[in-house]
Amino acid sequence: MIICREQAICIFYCKEFTEENVAICSKKIEDIGDVDICYLVDPTDPVLVLDIRVNTLPFKFHRYISNQEESNSNIPSQETQEKERVQLNSLAQVVQFINEVFVPFNPHNHAVYTPKQISTKDVFRIVSGYTDYFDNKNIQSFTTWSSKKKLHFFKAEEMRKKQKTENDVATKRVRMLYVMKEGFFGNVKLPALQK
């Protein structure tokens, strides 16, 4: 499960996730000074750690992404996007990524997920930007592959949506999915590569 920094702060202080509680609890952490909220393995189990420890052991202590940074950030440069881009190198990683990013049920986490009507073609387009596995594939082969792999987004009911084009009205098949905000893609826990 992926949660943002603000949610982690509320979890740490056993408070409901509201803007008011985020402000109150964030102030408490600021007042302590030289600490940050992190997690070791499970993002739903936050801990307060001295900044110097986090900086000394960055592979042990993981910082949360702030939802405010995600929503208020300027468009990153192409170079920054390339450095931060998730690269999916195995089919297991692709499956995990798709299942975490495109959720067919409400995860009750509006800070990380946004409800959207999205087509299989949209899923294919987004995923293709993170792996070269689909470079020589088309939308039909992706749809067949997704169905065989029993990806979670296929569990959502498919609807037909009419769209006006220049000459005509086209029908597009979409699903109502909860789509992870792109700033959180790097937090998806991927299976390790076999050597």
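The values are calculated or read from the model by the stated rules, or taken from the named source; none is laboratory data. These figures come from a predicted structure and were not determined experimentally. Note that we place each Cβ from the backbone using ideal geometry, even for glycine, and neighbour counts take in every protein chain shown. In case anyone asks, the SASA skips ligands and DNA or RNA and just uses the protein heavy atoms, side chains included. Shrake-Rupley method; radii C 1.70, N 1.55, O 1.52, S 1.80 Å.
Measuring r between the beta carbons of Cys14 and Asn138 and using R0 = 35 Å, the FRET efficiency lands at 0.10. Each Lys or Arg adds one and each Asp or Glu takes one away; over the other residues whose Cβ falls under 11 Å from the Cβ of Ile3, this sums to -2. Dipole magnitude for the chain: computed about the Cα centre from +1 point charges on Lys and Arg Cβ and -1 point charges on Asp and Glu Cβ, it is near 1160 debye. Largest accessible area first, the listed residues Lys164, Lys15, Lys150 line up as Lys164, Lys150, Lys15 when surface is computed with a 1.4 Å probe on the assembled protein chains. Take the chain and mark each of the chymotrypsin sites (Phe, Trp or Tyr not before Pro) that is in a DSSP loop with at most 12 other Cβ atoms within 10 Å; the longest unmarked stretch, sites excluded, is 106-195. Charge tally around Arg173: other residues with Cβ under 10 Å, Lys/Arg +1 each, Asp/Glu -1 each, net +4. The longest part of the chain holding none of the exposed loop GluC sites (Glu not before Pro), meaning those outside H, G, I, E and B in DSSP with at most 10 other Cβ atoms within 10 Å, is 17-156. A 1.4 Å probe run over the protein chains yields, for the stretch 85-165, 60 Å² of accessible area per residue, whole-number rounding. Mean projection of the Cα convex hull over all viewing directions, computed for the chain: 14.4 nm². How much of the accessible area of the chain, in percent, comes from carbon and sulfur atoms when a 1.4 Å probe is used? Carbon-and-sulfur percentage of accessible area, whole number: 50. Couplings for the stretch 8-17, taken from phi via the Karplus curve 6.51 cos²θ - 1.76 cosθ + 1.60 with θ = phi - 60°, read 4, 4, 5, 4, 4, 8, 6, 10, 5, 7 Hz in order; Gly and Pro are left as x.
Summing Cβ point charges (Lys, Arg +1; Asp, Glu -1) relative to the Cα centre of the stretch 139-190 gives a dipole of roughly 240 debye. When its C-alpha radius of gyration is set against 2.2 N^0.38 Å (N residues), the stretch 99-177 gives a value of 1.19. Phi angles across the stretch 170-186 convert, under the Karplus curve 6.51 cos²θ - 1.76 cosθ + 1.60 with θ = phi - 60°, into 3J(HN,Hα) values of 9, 9, 10, 8, 9, 10, 7, 10, 9, 9, 5, 5, 4, x, 9, 4, x Hz, Gly and Pro given as x.
Full extension of the chain between Lys164 and Ser119 yields a length gain of 14.6 nm, computed as 0.36 nm times the residue separation minus the alpha carbon distance. Take the residue pairs Lys15/Lys181; Lys15/Lys116; Lys116/Lys164; Lys116/Lys149; Lys150/Lys181 and return only those whose Cα atoms are more than 26 Å apart. From Lys15/Lys181; Lys15/Lys116; Lys116/Lys164; Lys116/Lys149; Lys150/Lys181, over 26 Å: Lys15/Lys116.
Apply the a/c threshold of 1.5 to the C-alpha gyration tensor of the stretch 1-64 and tell me whether it is rounded, prolate or oblate. It comes out oblate by the Cα gyration axes. The sum of -39500 (n - 2.57) across all DSSP H runs of n ≥ 4, divided by the residue count of the chain, sets its helix-only mean residue ellipticity at 222 nm to -10000 deg cm²/dmol. Sequentially through the stretch 114-128, phi angles give Karplus couplings (6.51, -1.76, 1.60; θ = phi - 60°) of 10, x, 8, 8, 9, 8, 4, 4, 5, 4, 4, 4, 5, 5, 4 Hz, Gly and Pro residues having no value and appearing as x.
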